[in-house]
Structure formats: C-alpha cells, structure tokens
Amino acid sequence: MLLTRSFLLCRSSQLAVQNAAFSTTCRAEKSYQLLVVGGGAGGCATAAKFSSKLGKGKVAVIEPADMHYYQPMWTLVGGGMKKLEDSGKPMSQVLPKKADWIKQRVVSFNPEQNTVRTEDGQDVGYEYLVLAMGLQLNYHQIKGLPEAFETPGVCSNYSPLYVNKTLASLENFHQGNAVFTFPATPIKCAGAPQKIMYISEEYFRKHGKRDKANIIYNTSLPVIFGIKKYADALWEVVKARDITVNLRSNLIEVKPESREAVFQNLDQPDELTTYEYEMLHVTPPMSTPDVLRECPKLVDAGGFLDVNKHTLQHIKFPNIFGIGDCTNIPTSKTAAAVAGQVGVLRKNLSMAMQGQTPRHLYDGYTSCPLVTGYSKCILAEFDMDGNPLETFPINQGKERRTMFHLKKDMMPPMYWLGMLNGYWEGPKYLRKLMHLGMK
Ligand SMILES: Cc1cc2nc3c(=O)[nH]c(=O)nc-3n(C[C@H](O)[C@H](O)[C@H](O)COP(=O)(O)OP(=O)(O)OC[C@H]3O[C@@H](n4cnc5c(N)ncnc54)[C@H](O)[C@@H]3O)c2cc1C
C-alpha cells in the first residue's frame, strides 16, 4: 500500500490534536509514519531503532549514496594505519532491512504539507520526519583548490576522493613546509585537522625527514581546541614537537603552479600571508547541504536545522526532529555526539508519536579522540557547556596508548555493530559504572 504510485491523502489525526500549528495533510505518492533523510551515522541508527519498533514498511530512509563510510577512520587512513576500503560498506548492507531505502537525493522540503521532494520528482509524505543530512564539504569556496587537488602534495582527510593523497604526500615529502589548515566555519570533528598533523610529524621522524620538515598549523580559531583542559595538553604537545601554530589564520587561495597557499589574518583582514608548501592538508569550509540551508522555514540564521538543543525537536514543526551534524545543537559535531543524541531521539520521538510532549534532555555529550601519532591519543569527552565528561576514572587529558587502541581497534566495531544497529547510545551508563563510589 505504501508503495502505490497513485496520489493519496495522508492524515495524522493524533498530530492534528497535538498541534494545530502545522498542516497534517499531504499529497504524496508514498507516505510513511517516519521518514528519515540521510543514511549516515544518525540516519542509519535512527532508522534501525524505529523500523524494528514500528515494523516493516513504516519507516523509509532517503539516501542517494551507494557507500556508507565510517568517516572517523579517515584520520588513520591518511596516516597509512588503515585502508580506505576498511572504512566503507555498501549502503544496502548497513541500512536496516525493515526500512524502505529510497535511493534518491532530497531536492526540496514542504514542512507545511509534510512532504519532501526527491530528485526524480516524487513527493514523499510523512507523519514524522528526522533530518540527518550531515555537512556538505565546500572545497570550491577556496580559490584554486579544486585544481590543486590534481597536483602532488595537496590532500584532505575529509573526503574519500582525497584521503589517499595524504599518505602519498607524506611518502613523497622531500623538504619544506607541511601546512595544515582549519577553516572559518563549523566543521565535523574539530580535532581531525590537527590529528593528521601529529601523525605526519611522527611519520617524518620515523622516516628520517623531520629535520627537513617545517610543520605549520594555520587555524581560523582563536584557540587550539575549544575545551581548556585538552587545549592545555595540546599546547604541550605542539611545543614538545616543535610545531608552529598560527591562530586566526584562514586559507583563502591555493596556487598549485607555484605551490603556494595564501592565508588571511581574520583579525586584520587586509593582512595576507603566503606560504610555499611541500605538503598542504586542507580541511574545507563546510555548511549544511544546500537544499536544507536554502529552506528558511527549517533553518536558523547560520543555515543549520533549528532544533531545541536538548529535546532535538524542531523549533517550529513539532513532527520534525534533527540529529547530528546538520543541526544547530551547540556541541562539537562528531559521531560520538550522534550516539549521545540517538537515545534522546528514540525516547522523545516515541513520546511525540504517542501525543506526549518530549521531555528527555540531551546534555551535549561529545567526544574527540585526539590522536597524536601512531600509538598515542588524548580522549577528549565533554558536554554542551564545555565541561569534561570523561568515561574513564583516569586523567584523559594525557596522551595514552590505551586510548589510541580504543580509537583504532574498538571504535570501528562499536560503530558498525552497535551504533548503526541502534544499540549504542553513548557511554553514559559505562561512565556511571566507572565512577561508582567516586565524587
Ligand atoms: C576526517 C574525519 C574524522 C572524524 N573523526 C571523528 C572521530 O574521531 N570521532 C567522531 O565521533 N566523529 C568523527 N568524525 C565526524 C563524524 O564522522 C560525523 O560527525 C558523523 O558522521 C555525523 O553523522 P551525521 O549522520 O550527522 O552525518 P553523516 O554521517 O555525514 O551522514 C549524512 C548523510 O546525509 C546524506 N545526504 C546529504 N544530503 C542529502 C540529500 N539532499 N538527500 C538525502 N540524503 C542526503 C549524505 O549522503 C550522508 O549519507 C570525523 C569526520 C571526518 C570527516
């Protein structure tokens, strides 16, 4: 019935009672109790939870990609510790079997009619909508960059297209500047731009090239990391390893012919500095996908999905929820944050479906395993207010081998088996257990 192509009128009387502020009728070719847009970390986990709860045919995921990538692994791929192939699985294998997969891209939203339109012109209806669309990589916003990726030494761990160029750039490095960038926009995993720098520094040491490499971290941010405890630890690392850090320095142009990168001082915009590079690792500016960013009914002034940061429910449309990187929840955008949000979303969306007001609150838990080389890691974990929220009863602000192996060997199976199947909701209970009897 759900797959019929004839137009049908769908109604959600329960919602109509609950909130008259949005229209509950939609004209759509297909309609679902729950529609999820995006089959990445958040979308896949949400669909797994709700399709097993609501049953076959009630949930659909709209997702155009053939492959699902475990993106946190790309830091290790860039350093040659994992292969790109290890980081991806066919989307057909990871999306839940009980959910319909609509292999399309959403091209417009109509939240008043409870429909979305896909690239092939279909309107898909819903009673409830979860947006999990992640972030778009805007490499094209840096002058000369798309062309520069065609030349040696320019790489980026942020895309499967360019991540293999990182190891190649390390292998082919002779001498000169190795420059690592952080853009002037919110990004996913704010630690990743510097993780690959520490890995590169150790790579150069291991391969006898360290004395020929001048390592420079140019970041648009006014700090090395947003949470003081971990920032203090990272300043110690950069000092000990002779790395130059330039704050408020934003990449605006790459000149591949002369192998130069131009940076703007964000505090004095007329001041430009040009660096010759032997290696340039670029973290691109990011935004929500254009289709979402350009839908003013759904987004805030910054173009992010406008949700209540604690309940994850949309500010204007109570039958819409958001999860992950595309939302304006003021916490660091990571898969770990998505795990923390999944449990809250499960409870709050279920309450909304029963006509109740969502009352479960997300604390902003997020985590960033700050890999500082081939065997060490500082496991940053913190909440929405920037307070450390550490799982283990040890000082996680120190570089540790155990945390490195947690990141490299344990987190991937936790993601594939636990999180994507809807079982892993973050370390909240483990943390409580680990701190039993402690203040
Ligand atoms: C190099 C790197 C290192 C990282 N390291 C870590 C780490 O160590 N720890 C950590 O926790 N996190 C890390 N992350 C971040 C983590 O991968 C993301 O935060 C997480 O994947 C966000 O999940 P999401 O569901 O919001 O978005 P995504 O997983 O990106 O999924 C978004 C999905 O939406 C789909 N989509 C987009 N537009 C449309 C459309 N118009 N129609 C339909 N579907 C659409 C996309 O195809 C995609 O599948 C890292 C990321 C990178 C790139």
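Pop a pseudo-label 7 angstrom from the Cα along the beta-carbon direction at both Asn138 and Thr402 and give the gap in nm to one decimal.
Computed distance between label sites Asn138 and Thr402 equals 4.2 nm.
Positive end of the dipole of the chain, charges at C-beta (+1 Lys, Arg; -1 Asp, Glu), about the Cα centre: which of Gly418, Phe225, Pro183 has its Cα farthest in that direction?
Result: Gly418.
Rounded to whole Å and ordered largest first, report the semi-axes of the equivalent ellipsoid of region 31-80 derived from its Cα gyration tensor (root of 5λ). Let's see the in-between values first.
Details: eigenvalues 160, 23, 9 Å².
The three semi-axes for region 31-80 are 28, 11, 7 Å.
Remind me, relative contact order of region 225-374 in percent, using alpha carbon pairs under 8 angstrom and six or more residues apart? Walk me through the numbers before you get to the answer.
Numbers: 189 pairs, mean separation 18.3, N = 150.
Relative contact order here is 12 percent.
Using square roots of five times the C-alpha gyration tensor eigenvalues, list the equivalent-ellipsoid semi-axes of region 240-286 in whole Å, biggest first. It would help to have the intermediate numbers written out before the result.
Numbers: eigenvalues 54, 53, 26 Å².
They are 16, 16, 11 Å, listed from largest to smallest.
Taking the chain as a Gaussian network, where each spring joins two C-alpha atoms under 10 Å apart, which residue of Val237, Val77, Val299 fluctuates the most?
Of Val237, Val77, Val299, the most mobile in the Gaussian network model is Val237.
From Cα coordinates alone, what are the radius of gyration and Dmax values for the chain in angstrom?
My reading of the Cα-based Rg and Dmax gives 22.4, 70 Å.
At 1.4 Å probe radius, can you tell me the per residue accessible area of region 197-271 in Å²? Each step should come with its number before you reach the end.
Numbers: 3560 Å² over 75 residues.
Ligands and nucleic acids excluded, the result is 47 Å² per residue.
Counting heavy atoms of the protein chains only and a 1.4 Å probe, report the per residue accessible area for region 366-434 as a whole number of Å². Could the numbers behind the result be given before it?
Working: 3150 Å² over 69 residues.
Result: 46 Å² of accessible area for each residue.
Quote the charge dipole size of the chain about the Cα centre in Debye, to the nearest 20; the model charges only the Cβ of Lys and Arg (+1) and of Asp and Glu (-1).
1720
Place the peptides 344-354, 381-391 in order of packing, highest mean first, counting for every residue the other Cβ atoms within 10 Å and averaging per peptide. Let's see the in-between values first.
Working: 344-354: 19.8, 381-391: 17.6.
Put in order of decreasing packing, that is 344-354, 381-391.
Just to confirm, what accessible area per residue do you get for region 34-173 at 1.4 Å probe, in whole Å²?
Values: 5220 Å² over 140 residues.
For region 34-173, the solvent-accessible area averages 37 Å² per residue.
Taking the Cα atoms of region 366-434 alone, what are Rg (to one decimal) and Dmax (as a whole number) in Å?
So, for region 366-434, Rg and Dmax equal 12.2, 32 Å respectively.
Treating the Cα atoms of region 280-412 as identical point scatterers in vacuum, please give the log10 of the normalised Debye intensity I(q)/I(0) at q = 0.18 Å⁻¹, two decimals.
Cα-only, vacuum Debye calculation for region 280-412: -1.02.
For a 20 Å ceiling on Cα separation, which of these pairs sit above it: Lys82/Lys255; Lys58/Lys98; Lys165/Lys195; Lys206/Lys376? Working shown, then result.
On the way: Lys82/Lys255 31 Å; Lys58/Lys98 8 Å; Lys165/Lys195 16 Å; Lys206/Lys376 15 Å.
In this structure, Lys82/Lys255 lie more than 20 Å apart at Cα.
Which percent of the accessible heavy-atom area of region 162-286 goes to carbon and sulfur, probe 1.4 angstrom?
Working: 2500 of 5120 Å².
Here carbon and sulfur together make up 49 percent of the probe-accessible area.
As a test, work out the antiparallel percent of DSSP beta bridges whose residues both lie in the chain, rounded to the nearest 5. Walk me through the numbers on the way to the answer.
Values: 38 of 73 bridges.
Around 50 percent of the beta bridges assigned by DSSP in the chain are antiparallel ones.
Just tell me which aspartates and glutamates come within less than 15 Å, Cα to Cα, of Lys229; anything on the same chain fewer than 8 places away is out.
By straight Cα distance, Lys229 reaches Glu381, Asp383, Asp385, Glu390, Glu399.
Quick one: compute the contact order of the chain, relative version, from alpha carbon pairs under 8 angstrom and 6+ residues apart, as a percent.
Once divided by the residue count of the chain, the mean separation gives 16 percent.
Could you pull the Rg and Dmax for region 162-286, using just the Cα atoms, both in Å?
13.9, 41
For His68, enumerate residues with amide H under 5 Å from its amide H, sequence gap 5+ or separate chain, H modeled in the peptide plane.
Result for His68 returns Lys89, Met91.
Which of Val107, Val61, Val116 moves most in a GNM of the chain, Cα contacts under 10 Å?
The residue that fluctuates most here is Val107.
Over region 366-434, with every protein chain in place, what whole percent of the accessible area is carbon and sulfur at 1.4 Å, could you tell me?
Values: 1890 of 3150 Å².
Percent of accessible area from carbon and sulfur atoms in region 366-434: 60.
The values are calculated or read from the model by the stated rules, or taken from the named source; none is laboratory data. From a predicted model like this one, the values you see are computed outputs, not experimental measurements. Heads up, the Cβs are rebuilt from the backbone with ideal geometry, glycines too, and the neighbour counts pull from every protein chain shown. Please note that ligands, DNA and RNA were not included when accessible areas were found on the heavy atoms of the full protein model with its side chains. Shrake-Rupley method; radii C 1.70, N 1.55, O 1.52, S 1.80 Å.
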